[in-house]
Amino acid sequence: MNTPLAGRTLVVTRAADQAPELIQQLVAWGATVVALPLSKIKEPADGGAALKTALAQAAQYDWIIATSPNGAQRLANALTGLPTHTRLAAVGPQTARQLTDAGWPVDFVPQSFVADALVAEFPAGPGRVLWVRAETARATVADGLQAAGWQVDQIVAYRNTEVTVQPAALAPAQNADAVLFTSASSVERYRKLCSKPQPLVALCMGPVTAAAAQKHGFETHQADEFSLSGLLDLAQQWATG
């Protein structure tokens, strides 16, 4: 049996309902996992009404863009049809899979799975796009596409809310070998709980997450591919390197 993480204790900070796939593979590779969810995904304040209204008028859009699996999942659930000229774009394969698994074809995924790459590789305007996003998403997509000639409408599809962590739950995490971060917000929340980077090693998905970890003093490692599979590969490389 391949157990490259045997003897390692890793902290998973992903939301509880989104962590099982990651935790299952880490455990299969021999790791001891401390589950410390720092966020909970909730519906937007309007319960999704704005998204449904926008999609009822989908014919006015050339593109509909999802920049996270959470947004793509809600987009897929709310879609009832697509005009032939309206295409779907996703920031990466995990995001695209939420749409394709529901039967909606995705016409554009950037080569690097981050918002900056999506903006850089996206076709030039003019035209109109609908960006399906998190409540606290960076303005990268809107600003970049507007600069490229697109009119950008934005819809908040979900909220990434903070979870209260009890001190007793934090202690096992601080004694671990490394902590896995999948977003910059999880880095910020973790550091609010700790007086110093502990454990020191941070395994990060994506450059924005890695930059946040580095800013807070972690020994930062960044996955080559900005996806869960890339993060798993990074954990294996770190443990065996």
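The values are calculated or read from the model by the stated rules, or taken from the named source; none is laboratory data. Note that this is a predicted model, so its numbers are computed, not measured. A quick note on method: Cβ atoms are made from the backbone with ideal geometry, for glycine too, and the neighbour counts reach across all protein chains shown.
Things to note:
- One residue stands out in region 223-241 among those that are among the small types (Gly, Ala, Ser), part of a helix (DSSP H, G or I) and within 19 Å of Gly30 (Cβ to Cβ): the one that is farthest from the chain's Cα centre (by Cα), namely Ala239.
- Residue among Phe226, Phe218 that alone is within 26 Å of Val91 (Cα to Cα) and not assigned by TED's automatic domain parsing to the domain that holds Thr67: Phe226
- Of the residues making up region 145-177, those that are surrounded by 13 or more Cβ atoms within 10 Å (Cβ to Cβ), small (Gly, Ala, Ser) and touching a strand residue (DSSP E or B) at 6+ places or on another chain (Cβ under 9 Å) number 4.
- Being outside any helix (DSSP H, G or I), of a type outside the set (Asp, Glu) and at pLDDT 95 or above is true of Thr220.
- Of all residues assigned to region 38-47, none qualifies as being under 23 Å from Leu232 (Cβ atoms), within 18 Å of the chain's Cα centre (by Cα) and part of a helix (DSSP H, G or I).
Per-residue answers, yes or no, for (1) touching an Asp or Glu at 6+ places or on another chain (Cβ under 6 Å); (2) touching a residue at least 60 places away in the same chain (Cβ under 8 Å); (3) within 28 Å of Leu51 (Cβ to Cβ):
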| site | (1), (2), (3) |
| --- | --- |
| Val141 | no, yes, yes |
| Ala173 | no, yes, no |
| Thr182 | no, yes, yes |
| Ser195 | no, no, no |
| Val201 | yes, no, no |
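- Residue match in region 126-140 (condition: crowded, with 20+ Cβ neighbours inside 10 Å, charged (D, E, K, R) and in contact with a helix residue (DSSP H, G or I) (Cβ under 7 Å, 6 or more places away or on another chain)): yes
- Test set (1) crowded, with 18+ Cβ neighbours inside 10 Å; (2) modelled with pLDDT of 95 or more - Ala59 fails condition number: (1)
- Among the residues making up region 77-98, those that are small (Gly, Ala, Ser) and either in a strand (DSSP E or B) or buried (at least 20 other Cβ atoms within 10 Å of the Cβ) (or both) are Ala89, Ala90, Gly92, Ala96.
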